[in-house]
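The values are calculated or read from the model by the stated rules, or taken from the named source; none is laboratory data. Owing to the predicted nature of the structure, the values given are computational and were not obtained by experimental measurement. Methodologically, a virtual Cβ is constructed for each residue, glycine included, from the backbone with ideal geometry; neighbour enumeration extends over all protein chains shown. Surface accessibility is based on the protein's heavy atoms, side chains included, excluding ligands, DNA and RNA. Shrake-Rupley method; radii C 1.70, N 1.55, O 1.52, S 1.80 Å.
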Amino acid sequence: MNPIVKSLIILFLVIFIPLNVAAGLIWLERRLLALWQDRYGPNRVGPFGLLQVLADMIKIFFKEDWIPPFADKPVFVIAPAVIMVTVLMSYTVVPWAPGATVADMNIGLLFFLAMSSLGVYSIVLAGWASASKYSLLGGLRASAQMLSYEVFMGLSLMGTVLLAGSFRLSDIVAAQRHMWFVIPQFLGFILFLIAGLAETRRLPFDLPEAESELVAGFHSEYSGMKFGMFFVGEYLGVILISAMITVLFFGGWQGPWLPPIVWFVVKTLFFICLFILLRAALPRPRFDQLMSWGWKIMLPLALLNLLVTGAVVLAARP
Amino acid sequence: MLSILRTLWNIFLHAFQRRETVQYPEEKPYLPPRHKGRIILTRDPDGGERCVACYLCAVACPVACISLQATEDETGRRYPEFFRINFSRCIFCGYCEEACPTYAIQLTPDFEMAEYHRQNLVYEKEDLLMSGPGKRPGYNFWRVSGVKIGGKDKGEAENEAPPVDLHSLLP
Amino acid sequence: MNILFYVASAVAIIATFLMLTRMNAVHALLYLIVSLLAVALVFYTLGAPFVAALEIIIYAGAIMVLFVFVVMMLNLGRAAEAQEREWQRPSLWVGPSVLAVVLIAEVIYVLTHADTRMFGAEVVGPHQVAQSLFGPYLIGVELASMLLLGGLVGAFHLGRRLEEKR
């Protein structure tokens, strides 16, 4: 097949599938949360409530798209687009199966980190442009939180980079043929999981939204599809982080018997469910606790992990 | 750290427990007979209206959703000319039932009153009045009270002595 | 790659110019971020993807977030905009602009006339960067890390004193 056509098809699939899965995640999350809280969740619209997603989408598209008169209009409009763009850009480097990636860059991992660090702007600018106290507080919290968790997110991944010897994600997957990196890099995995939670603002770390204190934090003033874009962006982030955990620590597409893409999807789905379980189980920490954990526990641990990994790699080198 | 893992495990185990949800429209929950739901007006065992239009329910109502107008028939029996409850305001507190001296106004375990138009939530007397005595069978206010109405003179009520003729008490 | 380079450079220059002329501080910062992203793309087209990624992660992703954070905290209102307008009188910016135009003309002359084998004949990957950083330039890296450590200790010291005074 023509390589350009092939990469266009992959590009289309990479944009199309995560967007739809993200919408489906709304259903999955509500059903799973209900399961763990001894409820049923949405089960009326269609079989198992599957059409609930469709109903929600129709509803959100027909909501009034309201820009508050006191808001900073251009920034207010750009902010939700930024998160969609940055998260979707990150999908270009994810290796779904051997050869099935839009751009197999030699700095793939750094590209992912760069895009996730740009994602902060969406939240911060949304909070600022809304010109509301709650939104501003949410934006401030988001910038502080994501900045500090990004630091050791990058550092926690450097262990895998050391072991694989490359920033290219397909190389990292290939390097896990004999042993998943979760075994030598267990600490790195835990750190990345926590940092990923903080980056996607999922429940134990959803302080920028914090319904009980800040109404809805940075998106208090948003409505209609702009709000929907934040929502979809969050779910896209969850899928992305799950996919990255799969790629970096759990051997990506590798596994016996089944085709590679199935293994990838199964592993990713497992981590998505883990994310939802964390949301179901854990309460939100206080903001100063969050920051001091980040800087006083996570960062030293990440540095230690990097140091030990580096020493071991150096010692084991022939 | 360990407690977090234990929490996660415990929550995960909830996946295998019975779900508490009652699948409502197919599966009705049990409501006790004294549940405070839709308000009705009851009748005597004889079939007459119990309400004597004393306004106590309207006064007791904290959201002022009851309005009525008293009138009298030719026999001297009081009854409401109209009796209107605005259920879009009603909070189902049951104070009207407690205030009612004749057990006329009662709350029933029915709560499925949803309407598409708010105006339809205003119930008139015809909508409220039912044919039976409700929670108080056998009670008839006019038969135990000393008030004189058509067909019952003073002193003819239950447990009531005939009125004393003052003029006959002269020594 | 040539076209990409020129487009990215043009975007960088325009964004920087717009950044200078904005009245609203946050809008100015947004243009600065766009400018940094464009510069990252310039690095990429020149065959330095590693530097491009670091540019985005560190400058656009971390330092500028701090800037936005501070500007948000300052709560600049209309008074600040008026002051900004005051600062942007022509008499203030004409002089530096003329000098800058002279410099740009010089750069264009050099680019067009001198023999510069610029457009990334080879791609400088992470390996090469690391090997040169920890090989010939090791002393520079160590000095920079000492400087950063000094800054860290200083910041910690300032933070502590504030704590005790309270």
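How many residues does region A:229-258 hold that are open to solvent by 50 Å² or more (accessible area, probe 1.4 Å) and over 20 Å from A:Val21 (Cα atoms)?
Number of matching residues: 3.
Determine which single condition A:Arg30 fails, assuming it passes every other condition in (1) away from every other protein chain (no Cβ under 11 Å); (2) out of contact with any Gly (no Cβ under 6 Å at 6 or more places or on another chain); (3) open to solvent by 80 Å² or more (accessible area, probe 1.4 Å).
(2)
Can you give me the number of residues within region A:33-49 that are within 10 Å of another protein chain (Cβ to nearest Cβ), in a helix (DSSP H, G or I) and aromatic (Phe, Trp, Tyr)?
Number of matching residues: 1.
In the set A:Gly251, A:Gly233, which member is more than 30 Å from A:Pro80 (Cα to Cα), under 19 Å from the mean Cα position of the chain (by Cα) and not aromatic (Phe, Trp, Tyr)?
Answer to the check: A:Gly251.
Which of (1) facing chain C (nearest Cβ under 10 Å); (2) buried (at least 23 other Cβ atoms within 10 Å of the Cβ) does A:Ala126 not meet, given it meets every other one?
In the conditions (1) facing chain C (nearest Cβ under 10 Å); (2) buried (at least 23 other Cβ atoms within 10 Å of the Cβ), A:Ala126 misses (1) alone.
Would you check which residues across region A:171-196 are part of a helix (DSSP H, G or I) and surrounded by fewer than 24 Cβ atoms within 10 Å (Cβ to Cβ) and list them?
Keep residues of region A:171-196 that are part of a helix (DSSP H, G or I), which gives A:171-174, A:186-196.
Hits for region A:171-196 are A:Asp171, A:Ala174, A:Phe186, A:Leu187, A:Phe189, A:Ile190, A:Leu193, A:Ile194.
Contact list please: Cβ distance under 8 Å, first residue in region A:144-164 and over 16 Å from A:Ile297 (Cα atoms) and among the hydroxyl-bearing types (Ser, Thr, Tyr), second residue at pLDDT 80 or above and assigned to a helix (DSSP H, G or I), pairs at least six apart or on different chains.
Close Cβ pairs (under 8 Å, with a partner that is at pLDDT 80 or above and assigned to a helix (DSSP H, G or I)) amount to A:Thr160/A:Ile172; A:Thr160/A:Gly188; A:Thr160/A:Leu248; A:Thr160/A:Phe249.
Please give the number of the condition A:Ile245 fails out of (1) without any contact (Cβ under 8 Å) to a residue 60 or more places away in the chain; (2) assigned to a loop (DSSP other than H, G, I, E, B); (3) within 21 Å of B:Met1 (Cβ to Cβ).
So the condition that A:Ile245 fails would be (2).
From the set of residues in region B:99-118 that are surrounded by fewer than 12 Cβ atoms within 10 Å (Cβ to Cβ) and within 22 Å of B:Leu31 (Cα to Cα), which is nearest to the chain's Cα centre (by Cα)?
Looking at the filtered set, the residue picked out is B:Glu112.
Away from chain C (no Cβ under 14 Å), among the acidic types (Asp, Glu), within 18 Å of A:Ser117 (Cα to Cα) and not in a loop (DSSP other than H, G, I, E, B): which single residue out of A:Glu150, A:Glu213, A:Glu199, A:Glu234 fits that description?
Values: A:Glu150 fails: away from chain C (no Cβ under 14 Å); A:Glu213 fails: within 18 Å of A:Ser117 (Cα to Cα); A:Glu199 fails: away from chain C (no Cβ under 14 Å).
Within the list A:Glu150, A:Glu213, A:Glu199, A:Glu234, the selection yields A:Glu234.
Filter region B:24-56 down to the residues that are within 14 Å of chain A (Cβ to nearest Cβ) and open to solvent by 80 Å² or more (accessible area, probe 1.4 Å) and list them by number. Outline the logic, then answer.
Step one: of region B:24-56, the residues within 14 Å of chain A (Cβ to nearest Cβ) are B:24-27.
B:Tyr24, B:Glu26, B:Glu27 - these are the residues of region B:24-56 that are within 14 Å of chain A (Cβ to nearest Cβ) and open to solvent by 80 Å² or more (accessible area, probe 1.4 Å).
Only one of A:Ala55, A:Ala97 is modelled with pLDDT of 85 or more and away from chain C (no Cβ under 14 Å); which?
A:Ala55
With respect to A:Ala103, is the statement that it is more than 10 Å from every other protein chain (Cβ to nearest Cβ), under 13 Å from A:Val14 (Cα atoms) and open to solvent by 10 Å² or more (accessible area, probe 1.4 Å) true?
Yes.
Tell me, please, whether a residue that is assigned to a loop (DSSP other than H, G, I, E, B), surrounded by 10 or more Cβ atoms within 10 Å (Cβ to Cβ), touching a Lys or Arg at 6+ places or on another chain (Cβ under 6 Å) and more than 14 Å from chain A (Cβ to nearest Cβ) can be found in region B:5-23.
Looking through region B:5-23, none of the residues is assigned to a loop (DSSP other than H, G, I, E, B), surrounded by 10 or more Cβ atoms within 10 Å (Cβ to Cβ), touching a Lys or Arg at 6+ places or on another chain (Cβ under 6 Å) and more than 14 Å from chain A (Cβ to nearest Cβ).
For the condition in a helix (DSSP H, G or I), buried (at least 24 other Cβ atoms within 10 Å of the Cβ) and within 16 Å of the chain's Cα centre (by Cα), what is the one hit in A:Val120, A:Val85?
A:Val120
With the structure loaded, tell me whether B:Arg77 is in contact with a Gly (Cβ under 8 Å, 6 or more places away or on another chain), open to solvent by 40 Å² or more (accessible area, probe 1.4 Å) and among the charged types (D, E, K, R) or whether it fails that test. Steps first, answer last, please.
Values: in contact with a Gly (Cβ under 8 Å, 6 or more places away or on another chain): yes; open to solvent by 40 Å² or more (accessible area, probe 1.4 Å): yes; among the charged types (D, E, K, R): yes.
So B:Arg77 fits the description; yes.
For the condition surrounded by 21 or more Cβ atoms within 10 Å (Cβ to Cβ), among the basic types (Lys, Arg) and over 15 Å from the mean Cα position of the chain (by Cα), what is the one hit in A:Lys296, A:Lys226?
Working: A:Lys296 fails: surrounded by 21 or more Cβ atoms within 10 Å (Cβ to Cβ).
Going through A:Lys296, A:Lys226 in turn, the sole match is A:Lys226.
Which ones in region A:125-139 are among the aliphatic types (A, V, I, L, M), part of a helix (DSSP H, G or I) and either in contact (Cβ under 8 Å) with a residue 24 or more places away in the chain or in contact with a strand residue (DSSP E or B) (Cβ under 7 Å, 6 or more places away or on another chain) (or both)?
A:Leu125, A:Ala126, A:Ala129, A:Leu137
Of everything in region A:148-170, what is farther than 30 Å from A:Ala97 by Cβ and open to solvent by 30 Å² or more (accessible area, probe 1.4 Å)? Give them in sequence order.
Answer for region A:148-170, where residues must be farther than 30 Å from A:Ala97 by Cβ and open to solvent by 30 Å² or more (accessible area, probe 1.4 Å): just A:Val151.
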